[in-house]
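Enquirer: Please find one structure pasted underneath; my questions will follow.
The values are calculated or read from the model by the stated rules, or taken from the named source; none is laboratory data. All figures in this text were calculated on a predicted structure; none of them were measured in a lab. No Cβ is skipped: glycine too gets one built from the backbone with ideal geometry, and neighbour counts run over all protein chains shown.
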Amino acid sequence: MPCEFLSLEDLLDIVTALRIGPVRDLGLLNAAALRPQTTLMGQDAYPSTAAKAAALLESLTKNHALIDGNKRLAWAACSVFFSLNALEISETVSNDDVYDLVVAVASSRVMLEQVCATLSDWTATRP
């Protein structure tokens, strides 16, 4: 099944819904939206849905496209991305777990592969 991606407009809608921002750099926000779609020599740079979500989470967290709310946007976008792709985050994942992951990404304490593994563990196909 082909992967559904968030567009720049989708991210702007999330920013509005969360009442965060304002946007500091539209180009950085767009770059974050496009990163999960990256291909190298015809192959997806991020082969799994979890890897694509990890790339989106990392870019939105670290690009600082917003004046305020980058981490909140990153997690919300990640959640919406999973939903678009028929995945859901386990009810056993606490707000503290999410906070710890996003802060670890923001402070570069985890590698992308670790984020991917964590997100993969946290998600399951929607019934």
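Enquirer: Out of all the residues in region 1-36, which are at pLDDT below 95 and either of a type in the set (Ser, Thr, Tyr) or touching a helix residue (DSSP H, G or I) at 6+ places or on another chain (Cβ under 6 Å) (or both)? Write out each step before concluding.
Expert: Residues of region 1-36 at pLDDT below 95: 1-2.
Selection gives nothing.
Enquirer: Can you confirm whether region 37-45 contains a residue that is crowded, with 17+ Cβ neighbours inside 10 Å and either among the acidic types (Asp, Glu) or touching a helix residue (DSSP H, G or I) at 6+ places or on another chain (Cβ under 8 Å) (or both)?
Expert: no
Enquirer: Select, from Ala74, Ala65, the only residue that is at pLDDT 95 or above, under 18 Å from Leu18 (Cβ atoms) and either polar (S, T, N, Q) or under 12 Å from the mean Cα position of the chain (by Cα) (or both).
Expert: The unique qualifying residue is Ala74.
Enquirer: Please determine, by comparing only the residues of region 87-122 that are assigned to a helix (DSSP H, G or I) and of a type in the set (Val, Ile, Thr), which one is surrounded by the most Cβ atoms within 10 Å (Cβ to Cβ).
Expert: For region 87-122, the residue satisfying everything is Val105.
Enquirer: Restricting attention to region 57-70, does a residue exist that is assigned to a helix (DSSP H, G or I), touching a Lys or Arg at 6+ places or on another chain (Cβ under 9 Å) and under 20 Å from Pro2 (Cα atoms)?
Expert: no
Enquirer: Would you point out which residue out of Val110, Val93, Val103, Val115 is of a type in the set (A, V, I, L, M, F, W, C), modelled with pLDDT of 95 or more and closer than 22 Å to Arg19 by Cβ?
Expert: Val103 is the lone residue from the list that is of a type in the set (A, V, I, L, M, F, W, C), modelled with pLDDT of 95 or more and closer than 22 Å to Arg19 by Cβ.
Enquirer: Quick check: anything in region 9-23 assigned to a helix (DSSP H, G or I), touching a residue at least 12 places away in the same chain (Cβ under 8 Å) and closer than 19 Å to Ala117 by Cβ?
Expert: No - not one qualifying residue is present in region 9-23.
Enquirer: Right, next: Of the conditions (1) of a type in the set (A, V, I, L, M); (2) surrounded by fewer than 18 Cβ atoms within 10 Å (Cβ to Cβ); (3) in contact with a Cys (Cβ under 8 Å, 6 or more places away or on another chain), Ala54 fails just one. Which one is it?
Expert: (2)
Enquirer: Related question: Can you pull out the residues in region 24-44 that are assigned to a loop (DSSP other than H, G, I, E, B) and within 15 Å of the chain's Cα centre (by Cα)? Explain how you work it out, then say what you get.
Expert: At the first step, the residues of region 24-44 found to be assigned to a loop (DSSP other than H, G, I, E, B) are 24-25, 38, 41-42.
Thr38 - this is the single residue of region 24-44 that is assigned to a loop (DSSP other than H, G, I, E, B) and within 15 Å of the chain's Cα centre (by Cα).
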